[in-house]
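I have placed the structure first, in the form of structure tokens, so that the comments after it can refer back to it.
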Amino acid sequence: TKQEVLSKKKILITAGPTYERIDPVRFIGNYSSGKMGFALAEECAVRGAEVTLIAGPVSLTINHPNITRIDVESAEEMYNASVKAFPAMDVAILCAAVADFRPEEQYAEKVKRNGDILNISLVPNKDIAASLGKMKKANQLLVGFALETNDEENNALKKIVKKNLDFIVLNSLNDAGAGFKYDTNKIAILNRNGERKDFGLKSKKDVASDIIDETFL
Ligand code: C5P
């Protein structure tokens, strides 16, 4: 049964945005709500998996005995927590909208306005998915997400290869009701052979169920 397939499986899920600190009161972030990742965590836990949920700053709560939640703020913190947890996992589903860049320097005090232009240099963050892809053993599965604004399928396929993913979940910003903040999502799942499966617009709970079915069954 669906229940038995996930029973005792160890699953890592990253969720939410990351905040990259500029000064004590400001950050660079993104619109991710964490809802998709939390729905995945809940679905896996209900089906009997042991879930490690690494969450960026979100205003969501989750409460299931099978879920261990680790809260992080920055991409670097999420990277460290993910790399540490991954070796013990059967599967990692990387749902987080990780910031690609962080300010090169953090100001110790709140930045004051003085009429001048303020330049903030941004340096690239490490790619968690690509790093786990390098660590991945033959018995582990890695699932990534891709949110593209153009040429979505090509870009997604490139990411599968570059990050050594087994599946990538595509969600487009072009679909009404899909993506950030909404309680619904519309996805397609691509595998390493380029095979694509499209799903209709549904609740993130049902989308989570589709993703788990596709990954395990
Ligand atoms: O390259 P892009 O950011 O579009 O890839 C998206 C996928 O990579 C998602 O699964 C996301 O969680 C993951 N990712 C990551 N670490 C980053 C950037 C993206 O794990 N620094």
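The values are calculated or read from the model by the stated rules, or taken from the named source; none is laboratory data. Note that the structure is predicted; figures quoted are calculated from it, not measured. Neighbour counts are summed over all protein chains in view; Cβ atoms, including those assigned to glycine, are modelled from backbone coordinates with ideal geometry.
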I'm trying to understand the selection: among the residues of the stretch 44-58, which are surrounded by fewer than 24 Cβ atoms within 10 Å (Cβ to Cβ) and touching a residue at least 60 places away in the same chain (Cβ under 8 Å)? Arg47
Just to be sure before I move on: is Val169 out of contact with any His (no Cβ under 9 Å at 6 or more places or on another chain), assigned to a strand (DSSP E or B) and not polar (S, T, N, Q) in the structure I sent? yes
I need a count of the residues in the stretch 7-24 that are out of contact with any Leu (no Cβ under 6 Å at 6 or more places or on another chain) and part of a strand (DSSP E or B). 9
Flag for Phe27 being in a strand (DSSP E or B) and either in contact with a strand residue (DSSP E or B) (Cβ under 7 Å, 6 or more places away or on another chain) or at pLDDT 95 or above (or both): yes
Considering residues of the stretch 94-121 that are within 13 Å of the ligand (Cβ to nearest atom) and either part of a strand (DSSP E or B) or hydroxyl-bearing (Ser, Thr, Tyr) (or both) only, the residue surrounded by the most Cβ atoms within 10 Å (Cβ to Cβ): Leu94
For residues that are surrounded by 24 or more Cβ atoms within 10 Å (Cβ to Cβ), closer than 26 Å to Leu118 by Cβ and among the β-branched types (Val, Ile, Thr), tally how many sit in the stretch 1-43. 1
Out of the residues in the stretch 96-141 that are of a type in the set (A, V, I, L, M) and in contact with a Ser or Thr (Cβ under 6 Å, 6 or more places away or on another chain), state the one that is nearest to Phe27 (Cα to Cα). Ala99
Can you name the residue in the stretch 122-134 that is among the aliphatic types (A, V, I, L, M) and under 17 Å from Pro17 (Cβ atoms) and is also farthest from the ligand (Cβ to nearest atom) among such residues? Leu122
For Leu132, indicate whether it is at pLDDT 95 or above and crowded, with 17+ Cβ neighbours inside 10 Å. yes
I'm checking my understanding of the structure. Among residues of the stretch 79-93 that are of a type in the set (A, V, I, L, M, F, W, C) and over 10 Å from the mean Cα position of the chain (by Cα), which one is farthest from the ligand (Cβ to nearest atom)? Ala88
Which listed residue is away from the ligand (no atom under 12 Å from the Cβ), at pLDDT below 95 and either on the phi > 0 side of the Ramachandran plot or touching a strand residue (DSSP E or B) at 6+ places or on another chain (Cβ under 9 Å) (or both), from Asn193, Asn185: Asn185
Identify, please: which residue in the stretch 135-156 is part of a helix (DSSP H, G or I) and either touching an Asp or Glu at 6+ places or on another chain (Cβ under 8 Å) or more than 12 Å from the ligand (Cβ to nearest atom) (or both) and is, among those, nearest to Lys84 (Cα to Cα)? Met135
Looking at the stretch 157-182 only, could you name the residues that are at pLDDT 90 or above and at positive phi? Asn164
Starting from the stretch 64-85, take each residue that is touching a residue at least 60 places away in the same chain (Cβ under 8 Å) and list its partners that are in a helix (DSSP H, G or I) and among the aliphatic types (A, V, I, L, M), counting only C-beta distances under 7 angstrom and pairs at least six apart or across chains. Met78/Ile128; Ser82/Ile128; Ser82/Leu132
Could you tell me whether any residue of the stretch 157-166 is in contact (Cβ under 8 Å) with a residue 12 or more places away in the chain and either small (Gly, Ala, Ser) or assigned to a strand (DSSP E or B) (or both)? no
